[in-house]
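Accompanying notes for the structure given below.
The values are calculated or read from the model by the stated rules, or taken from the named source; none is laboratory data. The structure displayed is predicted, hence computed values, not measured ones. Cβ coordinates were reconstructed from backbone atoms using ideal geometry, including for glycine residues, and neighbour counts include every protein chain displayed.
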Amino acid sequence: MRITAAAEPRLAAPGSAGLTDEPMADQAASTGDSRLTYTVDEVAEMLGLSRSAVYECIARGEISAKRLGRRLVVVRTVLEAFLLEPDAPRRPPVRRLRRSA
């Protein structure tokens, strides 16, 4: 079953609380936020992370960002896709056996 665009949750504006069920166009109109990109600081605030944690996510490729001059920005749709994708399955830790002497 595919979720239609109107039913997908969207990011709230910086400074407000996380995801909403309001479509992106309606949310942008109601909050006055028509921006397509967010700064690393704004992403950190929205996700409740530190700036350095967001930079680490970008470096690991978990969140893709675009460089505009000297500045990194995150496209709103990329951030929404990141938040909506399922977590990768975790591998159990490798147990090493001790050799008997």
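For this structure, a couple of remarks:
- Residue in region 68-100 that is modelled with the highest pLDDT, counting only those that are of a type in the set (Gly, Ala, Ser), surrounded by fewer than 10 Cβ atoms within 10 Å (Cβ to Cβ) and under 28 Å from GLU42 (Cα atoms): GLY69
- Subset of region 30-71 [small (Gly, Ala, Ser) and within 26 Å of PRO86 (Cβ to Cβ)]: ALA44, GLY48, SER50, SER52, ALA53, ALA59, GLY61, SER64, ALA65
- Members of region 58-69 that are in a helix (DSSP H, G or I) and under 22 Å from ARG35 (Cα atoms): ILE58
- Selection of region 70-101 for residues being under 13 Å from THR37 (Cβ atoms) and either of a type in the set (Val, Ile, Thr) or not in a helix (DSSP H, G or I) (or both) yields ARG71, LEU72, VAL73, VAL74, VAL75, THR77, VAL78.
- Close Cβ contacts (under 6 Å, 6 or more residues apart or on different chains) running from residues in region 66-89 that are touching a residue at least 24 places away in the same chain (Cβ under 8 Å) and within 18 Å of SER52 (Cβ to Cβ) to residues that are surrounded by 10 or more Cβ atoms within 10 Å (Cβ to Cβ) and not β-branched (Val, Ile, Thr) comprise LEU72/ALA65; VAL73/LYS66; VAL74/TYR38; VAL74/ALA65.
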